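All of the numbers you see were taken from the coordinates with simple rules; none came from a lab. Source: prediction; values computed, not measured. Positions of Cβ are generated from backbone atoms using ideal geometry, with glycine treated the same way; all protein chains shown enter the neighbour counts.
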Amino acid sequence: MSASEIQPTIAVESAGLSQIERVTNVFTAPSKTFEDIKRGNKSWWMPFLIVSIVGYILFAAVYAKIGMQQVVDNQIRMDPKTEERIAKMPPEQQAASSKISLGITEGIFIGTPALVLLVGAVISLVLWPTINFVFAGKATYGSVFAMWVYSTLPSIVKTLLGTAVIFAGVAPESFNIKNFAPTNLGAFMNPLETNKALYTLATSLDLVSIWSMVVLSIGLATVAGVKRNSGYLAVFGWWVITVLFGVGWAAMMG
């Protein structure tokens with residue numbers, strides 16, 4: 001057989017999913033998105049842009065309907081120890097403290113996208129060795145980080161719900177920026193009248209956050225090439241540790 005008669009074998013590589021397809025699949029078939037990331041398509045700008053835009057929509061709603069100073073005042077009132085400490089200050093120090101707190105709060109809102117990336121970088125740095133060394137995975141840091149960004153997409157449901165609550169007419173004096181949407185039991189409790197440890201636990205049991213962690217678990221297992229149970233153990237194992245630490249801290253400080 002001559003060389004000219006030999007048909008060359010051509011490896012056809014999948015072009016991958018589009019950005020829109022990957023975003024949509026997070027809500028309908030998350031494993032498809034994460035398989036695409038595993039194949040090397042690690043672009044994460046689309047989900048990051050969506051989460052950032054929705055976050056700024058909430059910021060605009062808070063700014064227009066609640067007021068940033070009211071947000072600061074509410075947080076101080078919900079922390080009796082801080083409120084008592086500020087009450088003992090001279091008037092000029094109280095004014096300066098209020099101005100600093102307002103600036104920090106506005107800065108956090110404005111810089112939320114950068115903070116999201118920072119948090120994602122740290123979480124990915126924890127999950128990456130966890131899934132590789134504890135569960136014998138083969139994930140790269142880049143794939144874990146990209147997967148994490150996509151797993152934040154369910155959070156837009158909570159953000160949009162919180163925005164709707166604000167425009168529905170929530171009383172500015174009762175608005176809690178740390179728990180702005182009714183997606184957990186803590187949202188229906190008075191933080192001043194509830195045991196701090198119990199309130200922290202109730203707030204941690206957030207439906208949207210758990211949804212995101214389920215997606216994160218699927219993604220981590222997929223990009224690491226391990227069983228899905230390993231992804232759940234890695235993600236929810238760290239979540240349980242974090243919740244227990246938060247509840248314990250609240251109990252000590254309460």
>> For segment 219-238, which positions are farther than 22 Å from Lys42 by Cβ and among the aliphatic types (A, V, I, L, M)?
In response: Leu233
> Restricting to helices (runs of 4 or more DSSP H) lying wholly in segment 152-254: which have 3 or more residues that are β-branched (Val, Ile, Thr) and surrounded by 18 or more Cβ atoms within 10 Å (Cβ to Cβ)?
Replying inline: 155-167, 207-224
> Restricting the search to segment 85-96, which residues are under 21 Å from Pro191 (Cβ atoms) and either in contact (Cβ under 8 Å) with a residue 40 or more places away in the chain or within 32 Å of the chain's Cα centre (by Cα) (or both)?
Replying inline: Arg85, Ile86
>> Scan segment 104-117 and tell me whether some residue there is loosely packed, with under 12 Cβ neighbours inside 10 Å, within 26 Å of Leu192 (Cβ to Cβ) and of a type in the set (Val, Ile, Thr).
In response: yes
> If you check Ile53 against the conditions, is it touching a residue at least 24 places away in the same chain (Cβ under 8 Å) and out of contact with any strand residue (DSSP E or B) (no Cβ under 8 Å at 6 or more places or on another chain)?
Replying inline: no
>> Please pick out the residue among Leu58, Leu125 that is touching a helix residue (DSSP H, G or I) at 6+ places or on another chain (Cβ under 9 Å), surrounded by fewer than 16 Cβ atoms within 10 Å (Cβ to Cβ), part of a helix (DSSP H, G or I) and touching a residue at least 12 places away in the same chain (Cβ under 8 Å).
In response: Leu125
> Does Leu115 satisfy the condition of being in a helix (DSSP H, G or I), within 19 Å of Val54 (Cα to Cα) and within 31 Å of the chain's Cα centre (by Cα)?
Replying inline: yes
> Can you tell me which residues in segment 179-204 are among the aliphatic types (A, V, I, L, M) and under 16 Å from Ser155 (Cβ atoms)?
Replying inline: Ala181, Ala187
